[in-house]
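K.L.:
After the structure tokens below, expect a handful of questions from me.
Here, each number is a calculation from the coordinates, and none is a lab measurement. As the structure is a prediction and not an experimental result, all values here were calculated from the model.
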Amino acid sequence: MAKSGTHFHFKRFSVAHDRCSMKVGTDGVLLGAWTDIQSAQTILDIGTGTGVIALMLAQRSSPDTIIDAIELEETDAAQATENVQHSPWPDKVTIYTGAIQEYATDKQYDLIVSNPPYFVNSQEPPDKRRLQTRHTVSLSFDALLQAVKRLLKPTGTFHVILPYTEGIQFIELASTYSLSCIRQWSFRTRTGKPVERWLLTFAFIPASLDTGEILLYQQDNTWHNSYIDLTREFYLNM
């Protein structure tokens, strides 16, 4: 990945984010690269923002996979649509504008992914668009899980990235929606540092918990092999 003006450039596509409330960041790239898509034929990205996760999954999935992505913020959805149109997969990814709570469809999905708002009790920012994007005012954890329960196939999987404390809370809350955590990986900057993010997979069908860890840096500040292995298909210099 390389930054060039208003864009982030990956090996096979670029993402413009100058009009989006949240820019391309490590969280989205981690989730897009880490999510186990297996043989998913239908994918839903909740809160797509720039569309970066949807595009990463488009690159990784089979040619006939259908990806729907929904975004509440109109300006972000418009830019995500442009990013899709300029990508190699304009017919594979569809951007919808609106709240997931109001997303009316008869579809159920093999895979749902979300990099959701996670600030629950912190001070709200003055920027309304950033408030919607990073605070749970517009999409609470309960509302997200209600949508997943409604839209996920009985055999499907749901993938999410959250900070440490919120991730632990989310696992407990998900269980009340009959969703079991079957994959729980930690992400930290380097060995010895606190866990910064949880990468989590949920399913209605319980399974043995798969655990792992991704480190960003070696002790000498070079990329860690775990991060290189995860992102090498996307970053330009890996």
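K.L.:
Extension gain Thr26-Tyr217, at 0.36 nm per residue separation less the Cα-Cα distance, in nm?
P.N.:
Net length gain for the segment: 67.5 nm.
K.L.:
Which of Ala54, Ala203, Ala147 moves most in a GNM of the chain, Cα contacts under 10 Å?
P.N.:
Maximum fluctuation in the GNM of the chain, among the listed residues, is at Ala147.
K.L.:
Please provide three numbers in whole Å: the alpha-carbon extents of segment 2-231 along the principal axes, with the largest listed first.
P.N.:
Extents along the principal axes, in whole Å: 43, 42, 42.
K.L.:
Quick one: compute the contact order of the chain, relative version, from alpha carbon pairs under 8 angstrom and 6+ residues apart, as a percent.
P.N.:
Once normalised by length, the contact order is 17 percent.
K.L.:
Of Leu209, Leu151, Leu30, which is the most mobile in a GNM of the chain whose springs link Cα atoms less than 10 angstrom apart?
P.N.:
Leu209
K.L.:
OK, next. Grab the Cα-Cα distance for His7 and Arg150, subtract it from 0.36 nm times how many residues apart they are, and report the gain in nm with one decimal.
P.N.:
Once the chain is fully extended between His7 and Arg150, it gains 48.0 nm.
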